[in-house]
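The values are calculated or read from the model by the stated rules, or taken from the named source; none is laboratory data. If you're wondering where the values come from, they're calculated on a predicted model, not measured in any experiment. Here the Cβ positions follow ideal geometry from the backbone for every residue, glycine too, while neighbour counts run over all protein chains shown.
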């Protein structure tokens with residue numbers, strides 16, 4: 001399962017974006033009527049893994065991961081973020097938001 005954030009922006013220092021919860025399909029003709037498709041072609045991305053809980057005592061630990069990536073890792077990589085999308089992938093290693101053994105991937109579109 002994926003969380004796809006796209007049309008990223010910043011308004012009055014507040015992040016703005018559109019959001020979808022998604023699954024990957026190989027043939028969009030099988031998508032049921034009433035559902036939408038979002039295709040991403042030839043994207044250049046950088047992917048990081050968040051390990052552990054997403055939340056701890058109402059505090060978003062995953063937000064710490066985002067801060068670390070954006071303020072420390074991205075500058076070291078000399079990669080430039082685009083406003084195309086951020087994708088969170090919740091695969092088989094994601095046990096749940098409050099499980100210390102959970103893993104999820106965060107992919108950023110870059111130039």
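Taking first residues from the stretch 90-105 that are surrounded by fewer than 16 Cβ atoms within 10 Å (Cβ to Cβ) and partners that are in a strand (DSSP E or B) and at pLDDT 95 or above, the Cβ contacts under 8 Å between residues at least 6 apart in sequence or on separate chains come to 91/103; 91/104; 91/105; 93/103; 93/104.
For first residues located in the stretch 1-25 and at positive phi and without any contact (Cβ under 8 Å) to a residue 24 or more places away in the chain, partners that are loosely packed, with under 15 Cβ neighbours inside 10 Å and part of a loop (DSSP other than H, G, I, E, B) and lie 6+ apart or on another chain with Cβ distances below 7 Å do not occur. Is it the case that the stretch 58-72 has a residue that's touching a residue at least 12 places away in the same chain (Cβ under 8 Å) and more than 14 Å from the chain's Cα centre (by Cα)? Looking for residues that are touching a residue at least 12 places away in the same chain (Cβ under 8 Å) and more than 14 Å from the chain's Cα centre (by Cα), one finds none in the stretch 58-72, hence no. Take residue 88 and tell me if it is touching a helix residue (DSSP H, G or I) at 6+ places or on another chain (Cβ under 9 Å) and modelled with pLDDT of 90 or more. Spelling it out, residue 88 is indeed touching a helix residue (DSSP H, G or I) at 6+ places or on another chain (Cβ under 9 Å) and modelled with pLDDT of 90 or more. Hey, can you tell me all the residues within the stretch 26-59 that are surrounded by 12 or more Cβ atoms within 10 Å (Cβ to Cβ) and on the phi > 0 side of the Ramachandran plot? Within the stretch 26-59, just 52 meets the criteria.
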